[in-house]
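All remarks here apply to the structure that follows.
The values are calculated or read from the model by the stated rules, or taken from the named source; none is laboratory data. The structure presented is a predicted model; accordingly, all values stated were derived computationally and were not measured. A quick note on method: Cβ atoms are made from the backbone with ideal geometry, for glycine too, and the neighbour counts reach across all protein chains shown.
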Ligand SMILES: Cc1cc2nc3c(=O)[nH]c(=O)nc-3n(C[C@H](O)[C@H](O)[C@H](O)COP(=O)(O)O)c2cc1C
């Protein structure tokens, strides 16, 4: 079996035609010109800017309802639905190109509820969101050409979406905060033939410990904070709270905390300060 590989031709839509490519299933809600919330099914939707500036990238046909609505009205919500066959069946129905929003809404089994945005501009309508979702990213299109542009095929459009809020069902919020338990979310398998989309349910996640010789330990954190150059004292218990931060992000996280502490006039980073900053992030 060693070296038993075959060259695959790379066709258009290579993620579907030339590979198996696990992807999320995201129901994108946007507002149409009549103020109705449109629901479109999307899988090409990924984290794009992950530190300091938080963005998703959505790839869509340029003439989809979703594309037109994002270009015209900027706002959208990315609704991550749970693995339920009934919902996935409906996602495939709502993924049929060319249908107007009114017709799609008649076909939809998703329950729409008002946007949960806390900061709303007066007189602006925001797309509704899907109450069946596990989590919802409410976003605004960043249309600054200098921030992002890509001239690919004229038929496809790429939307840099600034994450304004993430809302999550309470049950999963608790799991996220406590680091225990995962929702069952569908995987769109990429591969697609002329008859079917293919979805998979993932099995229960298992833990694989980070090797202790490579992971962040408390000494690594203390060493890193000492070298930051801020006039701050870090309590050991505060450092302990950071042992789960992946090594690659540690420097950035420490700098972020230090800058906020300096701004607030704090001299000592205590566990309480960490909790306060964490609270504000949510
Ligand atoms: C599971 C699933 C994932 C899809 N992912 C994408 C995608 O990432 N990009 C895209 O352009 N179309 C995708 N489609 C097709 C769109 O759903 C289809 O173009 C639909 O018309 C979009 O709806 P809208 O016109 O209301 O935006 C997907 C369809 C399904 C069923």
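With respect to residue 202, is the statement that it is in contact with a strand residue (DSSP E or B) (Cβ under 8 Å, 6 or more places away or on another chain) and modelled with pLDDT under 90 true?
yes
Would it be correct to say that residue 40 is touching a residue at least 12 places away in the same chain (Cβ under 8 Å) and under 24 Å from residue 114 (Cβ atoms)?
So residue 40 passes the test.
Quick check, is residue 230 assigned by TED's automatic domain parsing to the domain that holds residue 21 and touching a helix residue (DSSP H, G or I) at 6+ places or on another chain (Cβ under 8 Å)?
The answer is no for residue 230.
Looking only at segment 1-28, which residues are within 13 Å of the ligand (Cβ to nearest atom) and either at positive phi or assigned to a loop (DSSP other than H, G, I, E, B) (or both)?
12, 13, 21, 22, 24, 25
Just one of 192, 117 is touching a residue at least 12 places away in the same chain (Cβ under 8 Å) and either farther than 23 Å from residue 22 by Cα or not assigned by TED's automatic domain parsing to the domain that holds residue 71 (or both); which is it?
Criteria check complete, one pass: 117.
Among the residues of segment 149-176, how many are in contact with a strand residue (DSSP E or B) (Cβ under 6 Å, 6 or more places away or on another chain), free of Cβ contacts under 8 Å to residues at least 60 places away in the same chain and farther than 16 Å from residue 126 by Cα?
Result for segment 149-176: 2.
Across segment 253-275, what is the total count of residues that are in a helix (DSSP H, G or I) and exposed (fewer than 13 other Cβ atoms within 10 Å of the Cβ)?
Of the residues in that region, 5 qualify.
I need the full set of residues from segment 99-115 which are touching a strand residue (DSSP E or B) at 6+ places or on another chain (Cβ under 8 Å) and away from the ligand (no atom under 11 Å from the Cβ), in order please.
110, 111, 112, 113, 114, 115
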